[in-house]
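Working notes for the structure below.
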Amino acid sequence: MSVRVRFAPSPTGYLHVGGARTALYNYLFARGQGGAFVLRIEDTDAARSTPEALGAILESLEWLGLRWDEGPGVGGPHGPYFQSERRDRYQVRARALTEAGAAYPCYCTAEELEKRRQSQLARGEASRYDGRCRGLDAAARARHEADGRVAALRFALPGPGETGWDDVVRGEVSFRNDVLDDFVILRSDGLPTYNYACVVDDHEMEITHVIRGDDHISNTPRQLLLYRAFGWIPPAFAHVPMILGEDGTRLSKRHGATSVAAYRDLGYVPEGLVNFLALLGWAYDGQREIFTLAELEQLFRLERVGSNPAIFNPAKLEWVNAQHLRMLKEEERVARVVQFLESRGYALGARSPEWRTALVRTIGDRLKTLADAETQADFAFRDQMEMDPAAWAEFLDRPEVAPRLRRLGERVRADAEFSLASLESLTRALSVELGIKAGELIGLMRIALTGRKVSPGIFEVMWLLGKERALARLDQAAARWEREQPGARV
């Protein structure tokens, strides 16, 4: 049988980076083995599942480049791929378990179960179902139904012993059966529970390997017991390590962005995020860290996934992302920057291809995320420049600022060529005439033109602004300096 894996998100929110890594590992394993990557939607929680969340999950997977072979929008021979459309299958399988004596109706109400749970906790006992409905005879069941009680369906635990498996990542794992209880497989409203539904779905979809986070490891013994009760061969299980924040706690919103969509909006490219997520638990040779998705498809092996928790290091993500930005062909890198800036509301449609390319070249290796184009070069596409107060205070304290800027403006206005070479030449010539270092004049120009002490190359800044805007900013800065000098008339 060929390899078949699945990713089965619940459409109750965004695609978390932990879920994205699970999807990625499933995808890579399937591609490396020449198998199928199945997308199944676990939407039985009707109260919390939304079309918007489903759309966000599908969009995030597509943005990452993780194309599924079967599932929503694709179809396939093992559908439906929405659990909400598979209720009849769960009912049929549940009847088979009941007839075999492996499941029984439970008439306990939620209030009764909670009261017993609190009593168990008060006695210092583990909270677990006490099995009281397991021995009900037909008459007792009839009385409960006559009272209007609607039964849930529980799995009849087979008894003492252990349930274990050879995990692809963690090795031998086992649980004592006496730490489990007769868990619910169908709720009183007829909807399946997670453990039951995924066993039925995985069997009917012929899933050969279940690759998921190790927070699911306690579900596995229950699922294996269901496989045995049905007489089915279970898939291989691989529980990948948890992702932690840099403080060693489980990754959450307090560590920053946690969704794929949020990282996209922060300016990360899919190539960079995919590469980084692959490294959260997996390593190739301990040295190489930069991979394309195509390379990962060929090199990824489950056996090289470690069992220790992975640390989500934002600085490492930024570094990996920067490498992928540099690997893009210049034309593609420019297109990505322009698309990002336009998504942020900047109208760049009227700018020439030459100008757009020059913008990205000017930023150079400072472009670690697409958002850096906004922070590094906003002077070029903002109509209103924001002046850094500290930079302006230093500007204000320097002598003869206005005269020097006005003389520079005269030279720029007379420069018919207005090229990088001509701008540099006239600036350096003026600094000699003024008897100051070129760096001193350039420092004034930087603050006047960008509002900051640090910027890309000053001559590239002037060219990107264009002659008229550059002259206007030089003039405005000079006039403001004159107004704010001590003793100046208000």
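Set Lys and Arg Cβ to +1 and Asp and Glu Cβ to -1, take the dipole of the chain about its Cα centre, and tell me which of 77, 138, 399 lies farthest positive.
Farthest along the dipole direction, towards plus: 399.
Where in segment 435-456 does the amide nitrogen come within less than 20 Å of the point 7 Å from the Cα of residue 484, taken along Cα to Cβ?
Answer for this model: 440-455.
In segment 87-240, what % of DSSP beta bridges are antiparallel (nearest 5)?
Details: 13 of 18 bridges.
Of all bridge pairs located within segment 87-240, approximately 70 percent are antiparallel.
Counting DSSP beta bridges with both partners in the chain, what percentage is antiparallel, nearest 5?
On the way: 17 of 31 bridges.
Counting only bridges with both partners in the chain, antiparallel ones make up about 55 percent.
Run the numbers on segment 87-240 and let me know its relative contact order in percent, using alpha-carbon pairs under 8 Å that are six or more apart.
Values: 193 pairs, mean separation 37.0, N = 154.
Taking the mean separation of contacting Cα pairs over the length of segment 87-240, I get 24 percent.
About the Cα centre of the chain, what is the dipole size in debye to 20, counting +1 per Lys and Arg Cβ and -1 per Asp and Glu Cβ, all else neutral? Could the numbers behind the result be given before it?
Values: 65 positive and 69 negative charges, 117 e Å.
It works out to roughly 560 debye.
Quickly work out the residue 424-to-residue 365 label distance, labels modelled 7 Å from Cα along the C-beta direction, and quote it in nm with one decimal.
Calculated label separation equals 1.8 nm.
Anything over 32 Å Cα to Cα? Flag those among 368/453; 329/437; 437/467; 316/467; 316/453, in the order listed. Walk me through the intermediate numbers first.
Numbers: 368/453 20 Å; 329/437 38 Å; 437/467 24 Å; 316/467 40 Å; 316/453 27 Å.
Beyond 32 Å: 329/437; 316/467.
Using a 10 Å cut-off around each Cβ, can you sort 207, 233, 458 from fewest to most neighbouring Cβ atoms?
On the way: 207 25, 233 10, 458 20.
Ascending number of Cβ neighbours within 10 Å: 233, 458, 207.
Where in segment 265-342 are there chymotrypsin sites (Phe, Trp or Tyr not before Pro) that are in a DSSP coil and have at most 16 other Cβ atoms within 10 angstrom of their Cβ?
Values: sites: 268, 276, 282, 284, 291, 300, 312, 319, 340; in loops: 268, 284, 291, 300, 312.
In loop regions of segment 265-342 (DSSP not H, G, I, E or B), the sparsely surrounded chymotrypsin sites (Phe, Trp or Tyr not before Pro) are 284.
Pick the calculated Kirkwood radius over Cα pairs in Å for this structure from (i) 25.0; (ii) 24.1; (iii) 27.4?
(iii)
Would you mind ranking 383, 178, 365 by Cβ crowding within 10 Å, fewest neighbours first? It would help to have the intermediate numbers written out before the result.
Working: 383 5, 178 13, 365 8.
With the fewest neighbours first, 383, 178, 365 line up as 383, 365, 178.
Rule-based calculations on the coordinates, nothing more; no lab input. From a predicted model like this one, the values you see are computed outputs, not experimental measurements. Note: ideal-geometry Cβ built from the backbone for every residue, glycine included; neighbour counts use all protein chains shown.
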